[in-house]
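The next block holds one structure in the form of structure tokens; read it before the comments.
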Amino acid sequence: MKPLPDVLKTAIGQRVDLIDTPSLVIDLDAMDRNIQRMADFARKHQVRWRPHAKMHKSAELALQMQRAGAQGVCVQKVSEAEALAAGGVNDIYISNEVVAMPKLQRVARLAALLAARGGRLAIAVDHPEGIERLAETIAQVGTPQPREGHWAAGDSTLIDVFVEIDVGQGRCGVPPGEAAVPLALAVARSRGLRFAGLQAYHGRAQHLAGAAERREAISAVVRAASHTRDLIEATGLPVPLITGSGTGTLVHEAASGVYGELQAGSFLFMDADYARNEREPAQPTFEHALFVKTQVVSVRDTHAVCDAGHKSHAIDSGLPTVALLPPDRSLRYANGGDEHGILHADGPKSRLPALGRMLWLIPGHCDPTVNLHDVMIGVRGGLTMGVVERIIRVDARGALT
Ligand SMILES: Cc1ncc(COP(=O)(O)O)c(C=O)c1O
């Protein structure tokens, strides 16, 4: 692991106003409250939570959530799984399809490594050929060496496999119902693979603006998932778990009695896009905890310019909003290109910020924003008076394979 640059090491203990710009900053108090609320929510509903690490990409944050009760992590990519495993995470689910043989060989090696450490790797499939390829590569790694008695003698299972059903996203997965049954049976017949259940995630439903729309979408999802489960179980094969859900709809999957595990990730930081949607009353209050600190570097009569453009934050789900301003003094952020943001005074009492003023942006979409940064600067005590407590590495930054 590359050592932290000195400038970051010396930042620990400094006041927030001294943090260089543009920087990605975590309000640790807000983040810790989000974790606690999620842990309480999952406990109350008796569901497991396996937060999606595609969002934070950090082993340190994954382990913090495991200490608070999370089951492990989800990732989308093999290289994300490898990066988090290197950082000490032992229970990893690649909630995605992998078909390239060289990648599957990495999956098999990682499965053996985690099993030997007493952990577990899981993966999603949606095609008979994908299952065959996975089984072939798993067979090639052979039986791992038991270490510290973790690996049960005679246990030939190396990887947990979820059959993905497409519950409305229109992406990977087979249609719910009959199509999933032969896949589940093929997994169960394959040496080295264990049929672990169904992957049923509706990504588009997460971002529907209206609370009623989201509720309706997920009631159809739940029906589709439970029908598929019943068809598989009618063959005599148990479906141990149905996993899915995200920050926008977790209330509904948790209450369904059908889902046993929630994969929500964004609740940890909450981006501007989620904040724009109508809140479901039963949803725990998740606060914004991720900010881009920026500085005003140019001022004109009509606008001000700050030093954070879309190389500092993703804009695929909309532009950032400017935090910590009263509504009548709000500033509107407009796209100023790679390195700049343009600020307009929008509220009735708004004034353009002075040259040199520090501002806090709430990114439109946290996942691709985090992927733009090597580190996140963790601040304790708030964004006005707080101090830098720790530097959190984005271990899986750029892990796209
Ligand atoms: C498969 C899967 N599960 C869960 C999530 C988490 O969703 P969110 O970050 O909106 O909570 C995602 C996010 O894209 C996902 O792709």
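Details
- Choice from Ser226, Ser266, Ser58 with maximal GNM fluctuation in the chain (Cα, 10 Å cutoff): Ser226
- Whole-number percent relative contact order across region 190-261, with pairs defined as alpha carbons under 8 Å at least 6 apart: 42
- Springs join every pair of Cα atoms under 10 Å in this Gaussian network model of the chain, and among Pro176, Pro368, Pro238 the largest mean-square fluctuation is at Pro238.
- For the chain, a Gaussian network of Cα nodes joined below 10 Å ranks Gln140, Gln36, Gln76 by mean-square fluctuation, and the top entry is Gln140.
- Loop-resident sites, region 321-350, for trypsin sites (Lys or Arg not before Pro), counting at most 11 other Cβ within 10 Å (DSSP): Lys349
- All aspartates and glutamates inside 15 Å of Lys9 as judged from Cα atoms, apart from same-chain residues fewer than 8 positions distant: Asp20, Asp374, Glu389
- Solution diffusion estimate, µm²/s, Stokes-Einstein, region 1-144, Kirkwood Rh from C-alpha pairs, 37 °C, viscosity 0.692 mPa s: 190
- Percent of beta bridges antiparallel (DSSP, the chain, rounded to nearest 5): 50
- On the basis of the beta-carbon distance and an R0 of 51 Å, Glu339 and Glu129 show a calculated FRET efficiency of 0.65.
- Around the amide H of Ser23, modelled in the peptide plane, lie the amide H atoms of Lys293, all under 5 Å away and 5 or more residues distant in sequence or on another chain.
- Spacing of the modelled spin labels on Thr10 and Leu400, each 7 Å from Cα toward Cβ, amounts to 3.5 nm.
- Rounded to 5, percent antiparallel among DSSP beta bridges of region 29-268: 0
- Spin-label proximity, Arg33 to region 345-387 - amide N less than 19 Å from point 7 Å beyond Cα toward beta carbon: 360-363, 378-387
- Cα shape, region 29-268, gyration tensor, a/c 1.5 rule: oblate
- With contacts taken as Cα pairs under 8 Å and at least 6 residues apart, region 29-268 reaches a relative contact order of 18 percent.
- Computed from Cα atoms, the angle from the helix 211-233 axis to the main principal axis of the chain rounds to 20 degrees.
- Ellipticity estimate at 222 nm from DSSP helix runs (n ≥ 4, -39,500 (n - 2.57)) divided over the chain, nearest 500: -9000 deg cm²/dmol
- In terms of overall dimensions, the C-alpha atoms belonging to the chain reach 71, 48, 36 Å along their principal axes, ordered largest to smallest.
- Region 1-68 and region 239-273 have Cα centres spaced 19 Å apart.
- When the GluC sites (Glu not before Pro) in region 149-255 are filtered for DSSP coil states and for at most 14 other beta-carbon atoms within 10 Å of their beta-carbon, the remaining sites are Glu178.
- Rg/Rg_ref, region 212-275, where Rg_ref = 2.2 N^0.38 Å and atoms are Cα: 1.27
- Reachable lysines, given that their alpha-carbon falls under 21 Å from the alpha-carbon of Lys77 and they are not under 8 places away in the same chain: Lys54, Lys57, Lys103
Read the figures in this text as sums done on the coordinates, not as results from a lab. Bear in mind that the values here come from a model prediction, so they are computed numbers and not experimental data. Neighbour counts are summed over all protein chains in view; Cβ atoms, including those assigned to glycine, are modelled from backbone coordinates with ideal geometry.
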